[in-house]
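Engineer: This is the structure I want to talk about, given as structure tokens.
Derivation of every value follows stated rules applied to the coordinates shown; laboratory data play no part. None of the values given here were measured: they were computed from a predicted structure. Glycine gets a Cβ as well: all are built from the backbone with ideal geometry, and neighbour counts include every protein chain shown.
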Ligand code: GLN
């Protein structure tokens, strides 16, 4: 039977609850248990796929094609495991299911209500993950902040879960902020106290409190929080701002968190060996050779929009002993001339980021031209890949009006066009080409040098593709298609007989990059970019 650890948040969102959940998972996994994690998002969207990354951060894609919250990415990276779309539960999914059941007559005769019908559905979704994965421990992170109206049905469901599964099998971890008052230099505990009171008001007594703050929590503040929360002081843990999120499991473990949780839900505890993780952090943080990477996109003001790419670069940097220094380039500012081409020329490598729509596309194309002509290591991801092909068609082959039909539906040269199966799609939610698909790698190419295998699997999220009508032309003019989908679509491009790193990929290799097992594409890109720093 599975044990459940529920993580709630207080005071405000954005405290790193996802990282704390992922860290808890890593610690329990290190104890020898199998662990999975569920993110509950109390918004009414069915999934994150239709949300603007500018407001919500990256849309993370799972193997099975889920368009999920970026916290699923944290879970995968810390747990070193691939999760399913079922690990992200939203209000939209729950309501849809309940309403569908009501229409089917499943509740015939009854008045369908939040309690018990919606809460039952929530519990059944949580239990389903536990059952299907046959797992020892399920972490359930409730998104948002305690007190949000949207979160109430979920909190009620996990309250019931404890009753049903037994107190030894369910524990609550509450993460809340203690703000630092700059005038007195004091950490204020009142907001934490209030958020705990809010939790208790709805019937949940937390078993542990993790206090987020700028600095370490002192003993007096810990004692105060414990007292008001009805807990002993050792049940209150401190997570200050750190140089890297990967340190969170270590500092929690050092404070006795793993032991405390293990005892609380009756797990066998032994001292953990976190040596490998510690080594990784050592390699990640003890490097001084910087490699500057121009990150070209249109959501650059919110770095969370590209979090998996940032992480993939960090994982790669730790492996090869360099520190990626990211220079964010807003594509529209290149377009308008606000950012000068020198910025691109002076960087050690360029990544053209994924994206959608017209805004900034011409800026990206301009950057690609500069990078190609100056032989800068260039990596194009998804939209970046598509625009590399557009740039090539325009400036090398001479089809000056070549474009993607996503940007210009009337272009005389639709080098990038809708995937055939997308033509009949009329709903935008969950209808892209999504998830893990095989890519056939051509031997004797840079792609083959990178992967060392003829079939690789990467995750996808796109509606458009390189138009197969142009393949012969592109290949005859010096572009090599070194990766193909099973049904013959270009997946990876590079330059024929070129010594510079010029590679575009339709997939998103960053989603499979892990701290101890970085994405080989990012590793090779960074390696090549690092060459020009010597
Ligand atoms: N907008 C492009 C498409 O839909 C690329 C998507 C992306 O970069 N993820 O195909």
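Engineer: Which whole-angstrom value gives the distance between the alpha carbon centres of region 466-486 and region 239-304?
Structural biologist: The distance from the Cα centre of region 466-486 to that of region 239-304 comes to 42 Å.
Engineer: Taking the radius of gyration and the Kirkwood hydrodynamic radius from Cα positions alone, what is the Rg/Rh ratio for region 448-508, to two decimal places?
Structural biologist: Rg/Rh for region 448-508 comes to 0.94.
Engineer: Rounded to two decimals, what is Rg over Rh for region 208-284 when you use alpha-carbon atoms and the Kirkwood radius?
Structural biologist: Details: Rg = 13.7 Å, Rh = 13.6 Å.
Rg/Rh: 1.01.
Engineer: Share of antiparallel DSSP beta bridges in the chain, in percent to the nearest 5?
Structural biologist: Just about 35 percent of them are antiparallel.
Engineer: Along its three principal axes, how long is region 346-401 when you only count alpha carbons? Whole Å, largest extent first please.
Structural biologist: So the three principal-axis extents are 30, 25, 15 Å.
Engineer: In whole Å, what three semi-axes, largest first, describe the equivalent ellipsoid of region 388-527 built from its Cα gyration tensor (square root of 5 times each eigenvalue)?
Structural biologist: Listed largest to smallest, the semi-axes of region 388-527 are 24, 21, 12 Å.
Engineer: Using only the Cα atoms of the chain, what do you get for the radius of gyration and for Dmax, in Å?
Structural biologist: Expressed in Å, the Cα Rg and Dmax of the chain come to 24.6, 75.
Engineer: If you line up the long axis of helix 119-133 against the longest principal axis of the chain, both from Cα atoms, how many degrees apart are they, to the nearest 10?
Structural biologist: Tilt relative to the chain: about 70 degrees.
Engineer: OK, next. Report the extension gain between residue 96 and residue 396 in nm, rounded to one decimal, defined as 0.36 nm multiplied by the number of residues separating them, less their alpha carbon distance.
Structural biologist: Using 0.36 nm per residue and subtracting the Cα-Cα distance, I get 103.0 nm.
Engineer: If packing is taken as the average count of other Cβ atoms within 10 Å, what order do 44-52, 377-385 fall into, highest mean first? Could you put the intermediate results ahead of the total?
Structural biologist: On the way: 44-52: 16.8, 377-385: 26.7.
Averaged packing, sorted descending, gives the order 377-385, 44-52.
Engineer: Two decimals is fine: what is log10 I(q)/I(0) at q = 0.27 Å⁻¹ for region 95-168, from a Debye sum with one equal scatterer on every Cα and no solvent?
Structural biologist: For region 95-168, the Cα-only Debye profile gives -1.29.
Engineer: A further question on this structure: Can you tell me the order of 139-145, 126-132 when each peptide is scored by its average per-residue count of other Cβ atoms within 10 angstrom, highest first?
Structural biologist: 139-145, 126-132
Engineer: On to the next question. Return one number: the angle in degrees, 0 to 90 and rounded to the nearest 10, between the long axis of the Cα atoms of helix 91-104 and the longest principal axis of the Cα atoms of the chain.
Structural biologist: With both axes taken from Cα atoms, the answer is about 80 degrees.
Engineer: What is the helix-to-structure angle for 307-320, meaning the angle in degrees between its Cα long axis and the longest Cα principal axis of the chain, kept from 0 to 90 and rounded to the nearest 10?
Structural biologist: Compared with the principal axis, the helix lies near 80 degrees.
Engineer: Determine, for 528, 223, the number of other Cβ atoms within 10 Å of each Cβ, and report the residues in order from fewest to most.
Structural biologist: 223, 528
Engineer: What does the extension gain come out to for residue 150 and residue 34, with contour length at 0.36 nm per residue minus their alpha carbon separation? If you can, show how the numbers build up before the last one.
Structural biologist: Working: separation 116, 0.36 × 116 = 41.76 nm, distance 3.05 nm.
So the chain would gain 38.7 nm between residue 150 and residue 34.
Engineer: Taking the alpha-carbon centroid of each part, what is the distance from region 139-200 to region 499-534 in angstrom?
Structural biologist: 39 Å
Engineer: If you don't mind, another one. For 182, 308, 34, 347, which order do you get if you count the other beta carbons within 10 Å of each Cβ and list the fewest first?
Structural biologist: 182, 34, 347, 308
Engineer: So what's the projected area for region 250-385, the Cα convex hull averaged over all directions, in nm²? Spell out each step's value before the answer.
Structural biologist: Working: hull surface 43.8 nm².
Directional mean of the projected Cα hull area for region 250-385 stands at 10.9 nm².
Engineer: Figure the gain on full extension for residue 215 and residue 276 (residue separation times 0.36 nm, minus the Cα-Cα span) and round it to one decimal in nm.
Structural biologist: 19.3 nm
Engineer: Right, another one. Compute the normalised compactness of region 1-136: alpha-carbon radius of gyration over 2.2 N^0.38 Å, N being the residue count.
Structural biologist: For region 1-136, the normalised Cα radius of gyration comes out at 1.11.
Engineer: Add -39500 (n - 2.57) for each DSSP H run of 4 or more in the chain, then divide by its residues: what number comes out at 222 nm, to the nearest 500 deg cm²/dmol? Intermediate values should be presented prior to the final figure.
Structural biologist: Numbers: 19 runs with 190 residues, N = 534.
Counting only the DSSP helices, I get -10500 deg cm²/dmol.
Engineer: Given points 7 Å out from each Cα along the Cα-Cβ axis, report the residue 113 to residue 375 separation in nanometres with one decimal.
Structural biologist: 7.4 nm
Engineer: How many times 2.2 N^0.38 Å is the alpha carbon radius of gyration of region 113-206?
Structural biologist: 1.28
Engineer: Using a basic spin-label model with each label point 7 Å from the Cα along Cα→Cβ, how many nm lie between residue 340 and residue 283?
Structural biologist: 3.9 nm
Engineer: If only Cα atoms are counted, what is the Rg of region 69-227, and what is its Dmax, in Å?
Structural biologist: For region 69-227, the Cα-based Rg and Dmax read 18.4, 62 Å.
Engineer: Next question, about the same structure. In what sequence do 201, 359, 459 fall when counting other Cβ within 10 Å, fewest first? Numbers along the way, then the final one.
Structural biologist: On the way: 201 10, 359 13, 459 23.
So the ranking, lowest neighbour count to highest, is 201, 359, 459.
Engineer: What share of all Cα pairs of region 351-454, in percent, falls into each consecutive 5 Å distance bin?
Structural biologist: 2, 11, 17, 20, 20, 16, 10, 3, 0
Engineer: Relative contact order for region 214-258 using alpha-carbon pairs under 8 Å, separation at least 6, rounded to a whole percent?
Structural biologist: 34 percent
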